[in-house]
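> Please read through the structure below; I'll follow up with questions.
The values are calculated or read from the model by the stated rules, or taken from the named source; none is laboratory data. None of the values given here were measured: they were computed from a predicted structure. Here the Cβ is made from the backbone with ideal geometry for all residues, glycine too, and neighbour counts use every protein chain on show.
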Amino acid sequence: MTTENIVVQGGVVIYNPTAGRGQGAVLVEEAKMHLGDAFEWVPTLRVGHATELAKSYAGKVPTIVACGGDGTVGDVARGIYGTDTNLGVLPVGTGNDFARNLGIPLDVKEACLAIMGGTIRYVDVGEINGSIFINNAGIGFDSHVMKTMNSGIRFLRGQPAFMLAILKSIFVYKPFHLSVQTEDVDLDIPKALLVSVLNGQVYAAGLPAAPGAEVDDGRMDVLVLDNVHPLKRLGLLMMLQRGNHVQHPGIKLFQARSIKINAVPPQQINIDGEVRGSTPIVIDVKARTLRVLIR
């Protein structure tokens, strides 16, 4: 683990007032009390606005804090990437998996203390079709579940929201033809259910999808699931919740620095909790290139 200690003297907080199924605005007020007047607070107004705002401040302020879910954190990271601005995280969204993978507290007060503590960890990012992601990029059932959750589930947060989206999708989703190539692996699967490229151990609000994964080892963990009968998908989900899915015969889990993915028919992509773009995709790991404030 590569870390550095700095003195945090303020910066900008970019916050999503609609994060966490509407709880973001309430939690922002609590966070303001803990961070004080050293930070300027700027709300996002539309999809992608966090990236625009982060770009406008990057390199001009030492720290930009992303206050929201994984989508907001990813958008801010894309805005500051390639600059010497530090990324702080106030996890007030639905999944908050980037924070989980870095050990950043989910409690607002503790997360603020972590930001002010001034410990920087250098973490990997994935570059996908010219942009970056910080937590995961997935296609197939993965992106279908995320689209279902973002468009049709409004009153649940955390893992219950993901579980409901999975239950809505599990019997209706159709498999696809998948090909995956890395520096060590060449897969051709006539009927696949999903592939997810992970930068840490958990996603989907804490599901331990990639046990042992590290955010700064210069590699992504690639999870591939062959198609299984819809009735057996529930059992596999229960194994995933317990973290003992790795031995399932329909699961492939491996690490890579460069990943090419294609699907027939083309599949939409879940990138850090937002569905955007479609296959084919090429992913390359940029090792330890993002500066994140941790506890």
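> Please state which of the following conditions Leu113 fails to meet, knowing it meets all the rest: (1) under 29 Å from Gly82 (Cβ atoms); (2) in contact with a strand residue (DSSP E or B) (Cβ under 9 Å, 6 or more places away or on another chain).
Just one mismatch for Leu113, condition (2).
> Does Leu225 qualify as being buried (at least 19 other Cβ atoms within 10 Å of the Cβ) and of a type outside the set (Val, Ile, Thr)?
yes
> Right, something else. Scan the stretch 83-103 for residues that are farther than 18 Å from Leu207 by Cβ, touching a residue at least 40 places away in the same chain (Cβ under 8 Å) and surrounded by fewer than 24 Cβ atoms within 10 Å (Cβ to Cβ) and report the count.
Result for the stretch 83-103: 3.
> Looking at the stretch 197-234 only, could you name the residues that are β-branched (Val, Ile, Thr) and closer than 24 Å to Thr289 by Cα? It would help to see each step written out before you state the result.
Here is the first cut: in the stretch 197-234, the residues β-branched (Val, Ile, Thr) are 197, 202, 215, 222, 224, 228.
Listed by number, the residues that qualify are Val197, Val202, Val215, Val222.
> Now, a different point. Please determine, by comparing only the residues of the stretch 160-201 that are basic (Lys, Arg) and touching a residue at least 12 places away in the same chain (Cβ under 8 Å), which one is farthest from Gly218 (Cα to Cα).
Lys168
> Another question, then. Could you please give the count of residues in the stretch 63-108 that are at pLDDT below 95 and basic (Lys, Arg)?
Total satisfying the criteria: 0.
> With respect to Val282, determine if the residue is among the β-branched types (Val, Ile, Thr), crowded, with 22+ Cβ neighbours inside 10 Å, assigned to a strand (DSSP E or B) and touching a residue at least 24 places away in the same chain (Cβ under 8 Å).
no
> Then there is this: Wholly within the stretch 63-157, which strands (runs of 3 or more DSSP E) include no fewer than the required count, namely at least 3 residues that are not hydroxyl-bearing (Ser, Thr, Tyr)?
Per the criteria, 63-68, 86-91, 119-128, 136-140.
> A further question on this structure: Just to verify a result, which residue in the stretch 26-46, among those that are in contact (Cβ under 8 Å) with a residue 12 or more places away in the chain and of a type in the set (A, V, I, L, M), is nearest to Arg78 (Cα to Cα)?
Here the answer is Val42.
> Then there's this: Scan the stretch 133-141 and tell me whether some residue there is at pLDDT below 95 and farther than 24 Å from Met220 by Cα.
no
> Ok, one more. Exactly one condition in (1) surrounded by 23 or more Cβ atoms within 10 Å (Cβ to Cβ); (2) of a type in the set (D, E, K, R); (3) under 19 Å from Arg121 (Cβ atoms) is false for Asp75; which is it?
(3)
> Okay, next question. Taking Thr148 and the conditions (1) of a type in the set (S, T, N, Q); (2) in the same structural domain as Ala77 (by TED's automatic domain parsing); (3) over 14 Å from the mean Cα position of the chain (by Cα), which numbered condition does it fall short on, given that it satisfies the others?
Here Thr148 meets the rest and fails (2).
> Would you say Ala192 is in contact with a Phe, Trp or Tyr (Cβ under 7 Å, 6 or more places away or on another chain) and either closer than 28 Å to Ile251 by Cα or not charged (D, E, K, R) (or both)?
Details: in contact with a Phe, Trp or Tyr (Cβ under 7 Å, 6 or more places away or on another chain): yes; either closer than 28 Å to Ile251 by Cα or not charged (D, E, K, R) (or both): yes.
Yes: the conditions hold for Ala192.
> Kindly check whether there is at least one residue in the stretch 9-25 that is among the β-branched types (Val, Ile, Thr), within 24 Å of Met163 (Cα to Cα) and under 16 Å from the mean Cα position of the chain (by Cα).
No, the stretch 9-25 contains no residue that is among the β-branched types (Val, Ile, Thr), within 24 Å of Met163 (Cα to Cα) and under 16 Å from the mean Cα position of the chain (by Cα).
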